[in-house]
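The structure appears below as structure tokens.
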Amino acid sequence: MKQKYVLIGAGYVAPKHYKAIKETGGELIAILDPHDSVGILDSYFPDCNYFSEFERFDRFCSTQEIDFCVVCSPNYLHDVHSLWGMRSGMNVICEKPLALNQKNLDKLMIAEEEYGKRVWNILQLRLSDLVIHLNKELSNVSTASI
């Protein structure tokens, strides 16, 4: 049986998640983003449901059996969307950072225990060609020249 995913935030890193879900045999059944800029999504999951309003997305998700919520929303919303995913019965895959402060990170840890779900943090950009190039350049700079 295919694992079912929903995704929040269709910005810069979302296509990497579409590809990973597709390559691992998963099914992306719904996506939430306030801007209908999800054209690339159709090349991976043409039957995926698109929502621009959280309330409709939430209502749809409450009627489905979903394994994972993928959080690619703006950083300040990561903890809120991760909590929503766990409360809704899903494990969560979240772009970095998980939270912007220790208090909210602690809430996520408590929620993992309370809901019996997990949040996994993904560092997507560490594999970016630009970041790899920048790391190489920086490693060539000696501290004496700084």
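Things worth noting here:
- Gyration tensor verdict on the stretch 4-108 (Cα atoms; rounded if a/c is under 1.5, prolate if a/b is larger than b/c, oblate otherwise): prolate
- Length gained on full extension, SER43 to THR63, computed as 0.36 nm times the residue gap minus the Cα-Cα distance: 4.7 nm.
- Scalar couplings 3J(HN,Hα) for the stretch 46-56, obtained by applying the Karplus form with A = 6.51, B = -1.76, C = 1.60 to θ = phi - 60°, are x, 9, 5, 7, 9, 10, 9, 10, 4, 4, 5 Hz; x denotes Gly and Pro.
- Relative contact order [Cα under 8 Å, 6+ residues apart], the stretch 4-59, whole percent: 36
- Helix-derived mean residue ellipticity, 222 nm - over the chain, DSSP H n ≥ 4, -39500 (n - 2.57), to 500: -11500 deg cm²/dmol
- Scoring 8-14, 105-111 by mean Cβ neighbours within 10 Å over their residues and listing the highest first yields 8-14, 105-111.
- Full-extension gain in nm, LYS103 to ILE132, via 0.36 nm per residue minus C-alpha separation: 7.2 nm
- Using Cβ point charges alone (K and R +1, D and E -1), the dipole size of the stretch 1-144 about the Cα centre works out to roughly 320 debye.
Readers should treat all values here as calculations from the given coordinates under stated rules, not as data from a laboratory. Quick caveat, the model's predicted, so the values are computed rather than measured. Neighbour counts are summed over all protein chains in view; Cβ atoms, including those assigned to glycine, are modelled from backbone coordinates with ideal geometry.
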